[in-house]
Amino acid sequence: MRLRSARLRTIGRQLAAGLLTLFLISIVAFGMMSVRGPADIAHAKFGNQITTEQIDAFSKQYGLDKPVYVRYGKWLWNFAHGDMGNSYVTDVQVSTNVLPRFERTMILSFVALLIALPISVLIGVFQARRVGSLADLSLLSASVVVAALPEFVVGIGLLFVFAVELGWLPVDSATALTFASSFGEQAKAYVLPTATLVLAIVPYVARIARGSLREALGMPYTQAAALRGLPRRTVIWDHAMRNAGVPLVNAVAINIVYLLSGVIVVEWVFAFPGIGQGLVQATSTSDAFNVEAIALLMGAMFIVVSLAADFLVAYLNPRLKAAAAR
Amino acid sequence: MTVRGEVVLDVDGLSVGYVRRDGSINTVVDSVSFQLERGTILGLAGESGCGKSTTALAAISYRAPGSRILSGRSQLQGVDLLGLSTQRLRRIWGSKVAYVAQSAALALNPALTVGRQLSQPLAVHLGLHGSASRARQVELLESMGLPDPARALRRYPFQFSGGQQQRVALALALSCKPDVLILDEPTTGLDVTTQARITKLLRGLVTDFGLGCLYVSHDLALLATLADRLAVMYAGEIVEAGAAGAVVSKQRHPYTQALLAAVPSVRRPREVVGIPGRPPTSVVLDACAYAPRCRYVLPACRTGRVAMRDPGDGHAARCIRLEEIEKLPALGSELAAARPGRDVLLEVDGIVCAYTGAEGPAVNGVGFVVHGAERVGIVGESGSGKSTLLRAIAGLHRPQAGSIRLGGIELAPTAVKRPRSVRREIQLVFQNPDSSLNPRHTILDIVARPIRLFRDDVPRARERETVQELLDAVKLPSGLLYRYPAELSGGQRQRVALARAFSAKPSLLLCDEVTSALDVSVQATILELIAELSEQTQTAVVWVSHDLAVVRTIANRALVMRDGEVCEEGETDELFAAARHPYTRELLAAIPELLPA
Amino acid sequence: MTTTSDVVGLTTAEVVEEEGRPPAAWRAILASTEGRIGVGIGAAVLFVIIFGRFFTPYPPNAVGIGGATTGPSAAHLLGTDSLGRDTLSRLLVGGTHIIVIPLIAVSLAWLLGGTLGMLGAYRGGTVDAVIARGFDLVMSLPPLLIVLVAIAALGTSNLVLVLTIMVVYLPRMGRLVRGATQAVITNEYVAAAQARGERTRAILFREVLPNIMAPTAADFALRITYAVIFVATLNFLGLGVKPPNADWGVMVADGRGYINLAPLGTLAPAAAIALLSIALNLIADALTQHVTRGGREIVPL
């Protein structure tokens, strides 16, 4: 079928765009981290008493005397083969620092999305069905307030209530995750960070869901479907939602990166040993290889999520398929 | 079998209101009664805002958002629909009564295949699934005259043309063999030849299925040819009702009479009369709603409500003077005629326009001339290239080839490159005044702009005065200078657009579907005005329209365009009386016509 | 119910059905309850940010004014931090950074992005394609990520913060202006102006700009809100304001370790940030509601 091949082509194009973005992130990260010369790095590491000869030796040892593009090429090549290099700040293998962190962050982010997205859509549908009612307006005001709160404020609030006052959950996730072995203890460490992320995502997505469904519920095709005597369920979920889904998923796709960036802050608040925390630490010590590796991994994660959204849009919107066929 | 004439829907004393922001109720439909009989079409005619669509929806107990049914009954086989719960209505909607909305393009769900949309009512109302459902779907599409039904089921609505979409919508409506079919402007926006095909199909379906059909439309001429009975609405009331032929031939209400006089016709050159004033925004309960605009008004009309009265022949009207009215001759007055000069003003030669990505050129080698003070009509269906041609003359679309000369001087392809004098001489009026007037500018700003740019004879100090003179000339009420376009009615806005065009003192006025968005009574007043102004100021007019009757009314010469080319050209009197090109004949044959040949 | 007398006066000014020109942005904000609450809270917080410095009971950066990490007392209403500095004094001076940096950065992003977006939309063709691709490219980079990378590479300073935040918002604001302009220029009043031979600048300023101000203003308000959160977050992460200067975000981070001993040290500045951000968000929301109002009524089911 023509539509199917067109869909494949759309997917191919989006994959290529994703890879391109990843490539761009790697260049930006590596390029910017190369602004600091070997002397700055050596001074930061060994103090100001270090001699020019020592700097040269240090620079040779880490290959910092080569031109940027050579170093970039080598780094990218090694990275693609699983070697993320050694940090010249901590002298620790980047992969041993980053990979366990990456795993935890992946779990945290995807669990948060898995919880937040269905809740948001349900709240949005609930509101759109009764636009202007007391329930809708209260939820709307609540969402404005919650959306306004920075993640770290929400996080600190939750931490204070559930960890400090009630003592139900750990104040410090790092200890729980790195030392405690029981699954229960580990899971507990995820609760508050996940809740904070969910609270950051829900008001935002629910609002878009409400808006786009409201729009779709006002369209003539919805009226026509209702006047065909179709059950309410069919009218809302098949007729309205299928159309509301396109702007909804699009808006989520555009903003998901923004929302997921919150993971960086959330990890810092709860001392959660993920790549977000790793990134902040590496940033404050200008740890080039760690910053670059994390930038690339986070970028890849974001791109996977927005690709998933793109595919969903292509599935929901037949016009897109036809447009691609032309 | 079904009996023709059996009443299937009996609507009695239906009143509908909208809830205002402050909680009070604005009655927009009052005491409307009508019956739908099997195998017949009742036409419900009226201008925008008269409450005809609200009536149609309320009759099947659908409450539009914010609306409330205030009183009345609507009986379907002895059951009053207005008293039913939504749950029970859902069993009737789609199975016993079907509704086809204004635009099929909007009423069909863009994200679902035609097959899926068809399968839903079949499953819900008839319990058809799988192959039985599929067979019925194919059969339905086939009976609507859609080519290759099996393939059509897998396609999405946007993959069909406008006419085909309306056929799909009809298939959906008739899928569960309803008794009642409600249609709200189902052919508005379609080309006249497509409209003719759809209405022919519809007539056959109504007869074959024994449907009781309500056809809502603003188009009196269409209803006159299609409907068996006709009801005319004004300000939320039915003011006249009867057999379609009777209503059209001897009107008993002054509004119907005025409305018919405002309908342009290809058989009645240069004769349209507008209705001054505007209808009230809600139902008038203490007087005849039409009294303020009526030329036959009596004091009694203003002091009490007028009841619907039937002298005994089934043709009723809401007028105390209905016997006199029906004997009065239709008001006729001719538009100011064009007096073309000898000199060629505009010369268009071999124009070719193409859009990037389009298959063929939109305009393909068109040439014509316009003499001074002449009114030339360009008529064609959508996609004929008529608007693109006009934009090329205005310097808004760069043609690929060809030349445009004004007063013998070759014009640059884009407006910016043309000398100021040329830009002054050619002025443009657009279809939609909502879009052609900047909502953030006052009427004064809008009309004064060309004066500031082009009129060296008007000093700044006299600008406001000049604008007021122009507003007077287009017969706008005083006190509008500092208003914004949103505060004006559609007709008034189009007058502002005209004032802006004439403020530059042009020699050539380009008009693009100027009256298409307007009600017929307003259209007539605008036509009167343009004829008068162009005659007074000796301005030539190029009038682009899809409406042959309007072109016939305003223009003294016309071009018929199709697929980017001119297929026939001539004096309107000859062209419309004896068309030579088969396409022109097809167009003329497709027009619903009020007047006998 | 309309009576005949309402209808007769047809020859003079006719019934006004809609308000004429859409009201100015600030009037739209004050017209809604939400907006009024936002303006009320916002004004109070801004008052503290601007004039708080004149009412500090102690020098905000003076170490050891009281004991280390104490709870509230008569001498120190909000207690002291781990270095014995007075929390209230630091709270009164700590809000400047998170409002000034966003205002400058977002204004710059708006000016540059808006100009590019409007020009691209109006010109179309290659110019537009280049601008749109450029926007897409920058937007494909995760915002917090590039800001962190930039700070890791260049170190932190107000200039770096302003520039990086500007880079993050420029394409987003530019894209909105571009979209709004594209919608406006399909209107025939723009074609009418082109047919009159008006210059590009006149068309953009006279015809287009007044019609895209409303959505643009709403977007601007929203971006300010985001940027305030953004800067507060960077400060919280220790990547913005450098010690010893007082800042709400920094105070939240510093107090976090002592949340058991002196919760107010972290909760009070957190509340201040929350109030500011809620106020800004309410204002932005009131504006957005105003812009998008008049959507279709929904179908009763």
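No lab work stands behind these numbers, since they all come straight from the coordinates. All values derive from a computational prediction rather than experimental measurement. No Cβ is skipped: glycine too gets one built from the backbone with ideal geometry, and neighbour counts run over all protein chains shown.
Observations
- Extending 7 Å from the Cα toward the beta-carbon at both residue C:103 and residue B:417 defines two label points whose distance is 4.9 nm.
- Positive-end extreme of charge dipole, the stretch A:2-80 - chosen from A:70, A:59, A:49 (charges on Cβ): A:70
- Label zone at residue B:85 (point 7 Å along Cα-to-Cβ), backbone N below 20 Å, the stretch A:225-245: A:226-236
- Dipole size of the protein assembly as shown about its Cα centre, with +1 on Lys/Arg Cβ and -1 on Asp/Glu Cβ: approximately 820 debye, rounded to the nearest 20.
- Residue of A:300, A:128, A:148 that the Gaussian network model of chain A assigns the largest fluctuation, springs spanning Cα pairs under 10 Å: A:148
- Helical runs assigned H by DSSP (4 residues or longer) give chain A a calculated mean residue ellipticity at 222 nm of -25000 deg cm²/dmol, each run adding -39500 (n - 2.57) before division by the residue total.
- Virtual spin-label span in nm between residue B:250 and residue B:285, 7 Å along Cα→Cβ: 3.6
- Span from the the stretch B:470-510 Cα centroid across to the the stretch B:79-110 one, whole angstrom: 43
- Projecting the Cα atoms of A:251, A:182, A:236 onto the charge dipole of the stretch A:102-319 (Cβ charges, centred on the Cα centre) puts A:236 farthest toward the positive pole.
- Cross-link partners of residue B:250 among lysines (Cα-Cα below 25 Å; sequence separation of 8 or more within a chain): B:52, B:327
- Spin-label pair residue B:132-residue B:305: with each label point 7 Å from Cα along the Cα-Cβ axis, the two points sit 5.1 nm from one another.
- Estimated 222 nm signal from helices in chain B, with DSSP H stretches of n ≥ 4 weighted -39500 (n - 2.57), rounded to 500: -10000 deg cm²/dmol
- Stretch gain in nm, segment residue A:99-residue A:182, where the contour uses 0.36 nm per residue and the Cα spacing is subtracted: 27.8 nm
- Largest GNM mean-square fluctuation among A:227, A:158, A:213, using chain A with Cα springs under 10 Å: A:227.
- With a Förster radius of 30 Å applied to the beta-carbon distance between residue C:183 and residue B:538, the computed FRET efficiency rounds to 0.15.
- Shape summary: the stretch A:2-80 maps onto an equivalent ellipsoid whose semi-axes, from the alpha-carbon gyration tensor, are 42, 11, 7 Å in decreasing order.
- Axial C-alpha extent at least 24 Å, average Kyte-Doolittle at least 1.0 - helices from chain A (DSSP): A:94-129, A:241-260, A:288-316
- Relative contact order of chain B, pairs being alpha-carbon contacts under 8 Å that are 6 or more residues apart, as %: 14
- Among A:145, A:291, A:131: highest mean-square fluctuation, GNM of chain A, C-alpha pairs under 10 Å: A:145
- At R0 = 22 Å, FRET efficiency that the Cβ-Cβ distance of residue C:159 and residue C:137 yields, to 0.05: 0.40
- Summed over all non-identical Cα pairs, the Kirkwood treatment of the protein assembly as shown gives a radius of 34.7 Å.
- Residue-averaged [θ]222 nm for chain C, counting only DSSP H segments that reach four residues, each worth -39500 (n - 2.57): -21500 deg cm²/dmol
- D_trans [Stokes-Einstein, Kirkwood Rh over alpha-carbon pairs] for the stretch C:136-289, 4 °C, 1.567 mPa s, µm² s⁻¹: 71
- Here the calculated FRET efficiency for residue B:343 and residue B:482, from their Cβ-Cβ distance with R0 = 60 Å, stands at 0.90, rounded to the nearest 0.05.
- Nearest-20 debye value, the stretch A:2-80 charge dipole, Cβ charges on Lys, Arg, Asp, Glu: 920
- On Cα atoms only, tilt of B:490-503 relative to the major axis of chain B in degrees: 10
- Here the stretch C:140-222 is treated with +1 on each Lys and Arg Cβ and -1 on each Asp and Glu Cβ, and its dipole about the Cα centre works out to around 140 debye.
- For a 4.7 Å threshold on C-beta separation, the list of partnerless cysteines in chain B reads B:50, B:176, B:213, B:294, B:319, B:353, B:511, B:567.
- C-alpha center-to-center spacing [the stretch C:27-66, the stretch B:204-233] in angstrom: 68
- The angle between the Cα long axis of helix C:264-292 and the longest principal axis of the Cα atoms of chain C comes to about 0 degrees, rounded to the nearest 10.
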